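Read-outs: derived from the displayed coordinates by stated rules, not from any lab. No experiment lies behind these values; they were computed from the predicted model shown. Don't worry about glycine lacking a Cβ; one is built from the backbone with ideal geometry, like all the others, and counts go over all protein chains shown.
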Amino acid sequence: MATQFLKPLTVAVGAAFLLSGCLTLPDGAETASVTVSDFNQAIADSRNEQILLNLVRLRYRDTSQFMRVLNVSDAQTYSIEAEAATNLSFIGRALSGVGLGATASAERKPVVSMSPMDDAEFATALLTPLTTADLALLASSGWSIERILLCCVERVGALSNSPRASGPTPAEVPDNAAFRAFAEEVRALQREEALSLIFDGERTSLVFFGDGVDVPPALTSQLGVDIVDDRVPLRSVSETGETGVPVQTRSILGTLYALSHAVDVPPAHAQAGLVTNAYPLSPSTPDWETYLSGAFKVHSGRERPDSAFVSVFYRGHWFWIDDADLNSKTTFNLVDYLIRLKSASGGAAPLLTLGLN
């Protein structure tokens, strides 16, 4: 008899799930749409996470991989939950007091389709040193010359920013105190609108503005040249036969490597030898954060950060840039701009596909 009594209940619960398929979604569920800003944010998030992930990989000397956005579309998912509430009373073999209920919801979200950027053109762009014209383009677009020098330049004249930092983390933190002082002095003049880095179509120069500009004596002595007609010409080290202060630039990959040294790693990973633990050559440059003048910092931890500009999960830990760290965010955006600049010709723009209601 017990089995006979259970059969109607089983049928009733099953009916709840069957009926749920015929339910109408709640008001607004069917018409919930994804806006263009949602798609825009999905693309931005995928780019940011990709760059940060590659920076972390380089810190561990793991293989980097860049992806190109091919398509952005929206996906709609449905969720249905059914329940059977009973207040049973048995009259003979009849079952009464069975309540059937179901709730349904729909969600739409952007889906980003990507493919590896493995073409030779992009690989060449990553490895090709930036030109002095590239540096001038960044400076004329409002970027700090100090930030450009620290991140993208290995040497200006006799001033070294350590070419060794443009590759896997070396065993020593190089001392670039003199280079940092030079970059800081140039930035101070840029803030006063007394100096700019320009490209006139033929060559790149540091140009000084205004009468009686107070140029720090150390600036000209460090460069090893005199200021003629209010400008100091610069030339790439690859430009033979040209006059001007030689400038050795980094490639995009070299810039990424230089910034990757400032990725904080979990102590257990450092102790296990998963990364290079560099020791300082001079107390004036005790760590990589000082080497970059505080321009970049990536944190790490076990727990997902509550407030992060961008975060990725890698090797069992979270790595992130704090949302309030404007300095690091600005440097991160500079790297993103450089990658866009050098990969602009690599493939068509992503296709945006919006679903209709």
Two-site FRET efficiency, ASP264 against ILE227, from Cβ-Cβ distance with R₀ of 45 Å, rounded to 0.05: 0.65
Highest to lowest packing among 35-42, 125-132, 306-313, scored as the average C-beta count within 10 Å: 125-132, 306-313, 35-42
Approximate spin-label separation TYR314-GLU202, in nm, with each point projected 7 Å along Cα-to-Cβ: 4.5 nm
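Give me the Kirkwood hydrodynamic radius of the range 139-273, using the inverse of the mean 1/r over all pairs of distinct Cα atoms, in Å to one decimal.
Numbers: mean 1/r = 0.0618 Å⁻¹.
Over the range 139-273, the inverse of the mean reciprocal pair distance is 16.2 Å.
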Estimated distance in nm for a label pair at ALA181 and ASN40, the labels positioned 7 Å out from Cα along Cα-to-Cβ: 4.6 nm
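Among 51-63, 268-280, how do they line up by average Cβ neighbours within 10 Å per residue, starting with the highest?
Values: 51-63: 19.3, 268-280: 12.8.
By packing density, highest mean first, the sequence is 51-63, 268-280.
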Semi-axes of the equivalent ellipsoid for the range 230-311, Cα gyration tensor, largest first, Å: 35, 16, 13
